[in-house]
Amino acid sequence: EQMHADITKRTAAEVPEVDLYIAGFPCQPFSTLGAQRGVYDDRGQLVLRCLSLIQEKRPKIILFENVAGFVKNHPDLHHVVMSACKNLGYKLDEAILNTEKFGVAQCRQRWYLAGIHKDSLRSRGALTHGMPGGRLGTAQLPKELAKPLPPAQFKKAPRGAAAGCWRRAGGWCG
């Protein structure tokens, strides 16, 4: 295990080439329980830094994770992320999932965005090695991941609502 410098202070040249880029940027600027300042909060700027690194490095697979409030309360920024990733050549799927349905001892709505670069789709062997039927093993994924998001999932929760949120060391998340 290796600890790296602050991502905001690293140049793209210092970031290693990877096949999978996972971006779990801070949730506080997007949470329904927070101030909802989005990119006007320094922590919210990290989503833009993630996009910049993806543009520079072009990993085969990307995975974003954040609170559902990222989509519900910041639709313009959500659109920017989706458009940027599509313009960079990623085929995208997204979902808002409740963590309790996946064995996590919390009832929290989380937004997930998964993308596979179009060039990786052309060279299927790189992504599908060992998968049944020679393709991505979608049958092994929970059925919930394959369904499109219903519009009802995007209703904004009342300000200050704590439904699905848990208190933990460091404050409220959700």
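A few points about this structure:
- Among the residues of segment 2-18, none qualifies, meaning not one is surrounded by 18 or more Cβ atoms within 10 Å (Cβ to Cβ) and over 12 Å from the mean Cα position of the chain (by Cα).
- Residues (outside any helix (DSSP H, G or I), open to solvent by 10 Å² or more (accessible area, probe 1.4 Å) and touching a Ser or Thr at 6+ places or on another chain (Cβ under 9 Å)) located in segment 60-90: LYS60, ILE61, ASN73
- Answer residue from segment 100-120, given it is over 14 Å from the mean Cα position of the chain (by Cα) and polar (S, T, N, Q) and is least open to solvent (accessible area, probe 1.4 Å) among those: SER120
- Among the candidates GLY24, GLY44, GLY34, residue that is modelled with pLDDT under 85, open to solvent by less than 60 Å² (accessible area, probe 1.4 Å) and under 25 Å from ARG110 (Cβ atoms): GLY34
- Among the residues making up segment 47-59, those that are part of a helix (DSSP H, G or I) and open to solvent by 40 Å² or more (accessible area, probe 1.4 Å) are LEU48, ARG49, SER52, GLN55, GLU56.
The values are calculated or read from the model by the stated rules, or taken from the named source; none is laboratory data. Because the structure is a prediction, the values reported are computed rather than measured. Glycine gets a Cβ as well: all are built from the backbone with ideal geometry, and neighbour counts include every protein chain shown. Just the protein is used for accessible areas: all its heavy atoms, side chains included, with ligands, DNA and RNA removed. Shrake-Rupley method; radii C 1.70, N 1.55, O 1.52, S 1.80 Å.
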